[in-house]
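*Asks:* Okay, handing you the structure first.
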Amino acid sequence: MFNENNSMWTVLARNEEFFQIVTMRLCRPPHAARCLGKTMNRIHVLSRGLLIALLALASGCATNTITGRSQLMLMSEESAIQGAVSAYSSMIGQLSKKNQVEVASPRVTRVREITNRLIAEAVRFRPDSAGWGWEVQVIDDPKVVNAFCMAGGKMGIYTGFWEKLKATDDEIANVMGHEIGHALASHTREKMSMAMTVGVSTALLSVLASSRNSGDYQRTQNTMAMAAALAITLPNSREAETEADQIGIELAARAGFDPRAAVTLWQKMAKDGDSPAEFFSTHPSPENRMQRLQALVAKVDPLYRAAVAGSPPGPLPDFLGVAANERPVGGISREEYAARVAAEAQVMTFVAEEFERFRKGEAVFSCTTDCMFAYGYQRGSWKTLHDKAQWRELAVAVVKVGYDNDLSYFLLGEAATGLGLKEVAQGYYLRALQARKAGRTCEGVFNTCGEFAIAERIAAVQGAAAAGGAAAQSKNINKNN
Ligand SMILES: [Zn+2]
């Protein structure tokens, strides 16, 4: 638990002015720069020496396998979630003391119903999130229009959304979907990393350094909690906003909430000009956001219509009421639910551009030298992703490297098979065989195939497909007769 509440909020207050300076930079990242360059630019008001030291200490930039974007990640997801849990309970605890947390109201019940449906879709997007300690609280502060979702699914929404904006259920669903999108795409972890570099400076550095050896768990926890608390005050980059818009609107549409509400909501917030919504201070809002949202509405509208017209959804686990491994009376466990949606093999429309290319069967590689280092470096992790059946992550990782050989195409075939995209898989297996014939193979002097017996596996899959096709054909003939 974070028991130095006062110090945490003092740090926040003390840093307010500082954050305003940083905010201006964060909102305007140069598009072309890579993660590190961007981060340096964003926080160049700070000592670069400190940043370099921090980067040296921790892993630094990492590619987000969901969005394909390079992000600054200074802590593990586990640490980020633990920090968020501490910061959240500290925050909610303090608000509770001031009677600012709504306990039982129709509004609370409604928000839980809405978020439960969104989470059920989030699990489709990110199966591991079924195990998160999802929680939502309604914070009674009618003047504040704000909402958040921390790492690990800790959510809050302020009553200003109803009192000031008269938000509808559809609009609330789109707000929360957007916030959940930030958490799913690890934006909160990214901002915590940033908070750590800019926010609490040298104190953090020493804690980070000592925590490696001394096992000073409590101090590390406090540091993470502080970073999590700071993170929700930090603005998102435009890239992060675009990703959250895309994920959020799709979650809402799939959960049966009108995606058009995302547009009306932003219009309402933009109109609230006298006292701009807090939401805007952490959400840089480029002028073309309306057009982008409208384009997204068109994209996800069929999902919304299908959700509304379709048969009522099967049983949903109570994501907010029970622990991750618990089975509510008469219900299904989260684990069972996650397994069920995974078996549906239906993927989210939005993911990394790399994933879209892969999904359409359009990934064709031409790189043979430039990407060799990345190939050599990442191959091992592909095996792990394959073994864990993390097909989406595997596909994005392989496409991102883009190395032209049989192993790359083979793994895309495996990922497509795993996701139930049979035809797409056949295309990739074929490309793998062609690459082999042309000599672009992982076999050779330095065998880089790992434990994959590519030719055998492809032959087996194709044999099964051919047998399946023949069976289907004979079934048709029987039917016609
Ligand atoms: Zn956002």
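*Asks:* Neighbour counts of other C-beta atoms within 10 Å: give me R189, R112 arranged from fewest to most.
*Replies:* Numbers: R189 31, R112 19.
Ordered by Cβ neighbours within 10 Å, fewest first: R112, R189.
*Asks:* Can you flag which of K97/K166; K98/K143; K388/K422 are past 22 Å Cα-Cα?
*Replies:* Correct reply: K97/K166.
*Asks:* Under a 5 Å amide H to amide H cut-off, with H placed in plane at 1.01 Å, what residues pair with A389 once short-range neighbours are removed?
*Replies:* Correct list: empty.
*Asks:* At a 10 Å Cβ-Cβ cut-off, how would you order V399, V103, fewest neighbours first?
*Replies:* With the fewest neighbours first, V399, V103 line up as V103, V399.
*Asks:* Turning to a different aspect of this structure: What is the extension gain from Q291 to S89, computed as 0.36 nm multiplied by their sequence separation minus the C-alpha to C-alpha distance, in nm to one decimal? Each step should come with its number before you reach the end.
*Replies:* Working: separation 202, 0.36 × 202 = 72.72 nm, distance 3.76 nm.
Once the chain is fully extended between Q291 and S89, it gains 69.0 nm.
*Asks:* Next question. Please turn the phi angles of the range 413-429 into ³J(HN,Hα) values with the Karplus equation 6.51 cos²θ - 1.76 cosθ + 1.60 (θ = phi - 60°), one per residue in order, whole Hz, x for glycine and proline.
*Replies:* The phi angles translate into x, 5, 4, 5, 4, x, 8, x, 8, 4, 5, 4, 4, 4, x, 6, 4 Hz.
*Asks:* With only Lys, Arg, Asp and Glu charged, each at its Cβ (+1 for the first two, -1 for the last two), find how big the charge dipole of the range 93-146 is about the Cα centre; round to the nearest 20 debye.
*Replies:* Dipole about the Cα centre, nearest 20: 80 debye.
*Asks:* Fully extended, how many nm does the chain gain between K166 and Q267 (0.36 nm per residue separation, minus their Cα-Cα distance)?
*Replies:* Taking 0.36 nm per residue and subtracting the Cα distance, the gain is 35.1 nm.
*Asks:* Taking H as built 1.01 Å from N, whose amide H comes closer than 5 Å to the amide H of M155, not counting residues under 5 places away?
*Replies:* Under 5 Å from the amide H of M155: E135, V136, Q137, M150.
*Asks:* Continuing with the same structure: At 7 Å along Cα-to-Cβ for each site, give me the label-to-label distance between E362 and R305 in nm.
*Replies:* Result for the modelled spin labels: 2.3 nm.
*Asks:* Taking H as built 1.01 Å from N, whose amide H comes closer than 5 Å to the amide H of V144, not counting residues under 5 places away?
*Replies:* Excluding prolines and chain starts, which carry no amide H, the hits are G160.
*Asks:* For the range 82-198, what does the alpha-carbon gyration tensor say about shape, rounded, prolate or oblate, given a ≥ b ≥ c as the root eigenvalues, a/c under 1.5 as rounded, and a/b over b/c as prolate?
*Replies:* It is oblate, given that a/c is not under 1.5 and a/b is not larger than b/c.
Read-outs throughout are calculated quantities, based only on the coordinates presented, and are distinct from any laboratory measurement. Worth saying up front: this structure is predicted, and the values here are computed from it rather than measured. When we count neighbours, we look across all protein chains shown, and the Cβ atoms used for this are built from the backbone with ideal geometry, even at glycine.
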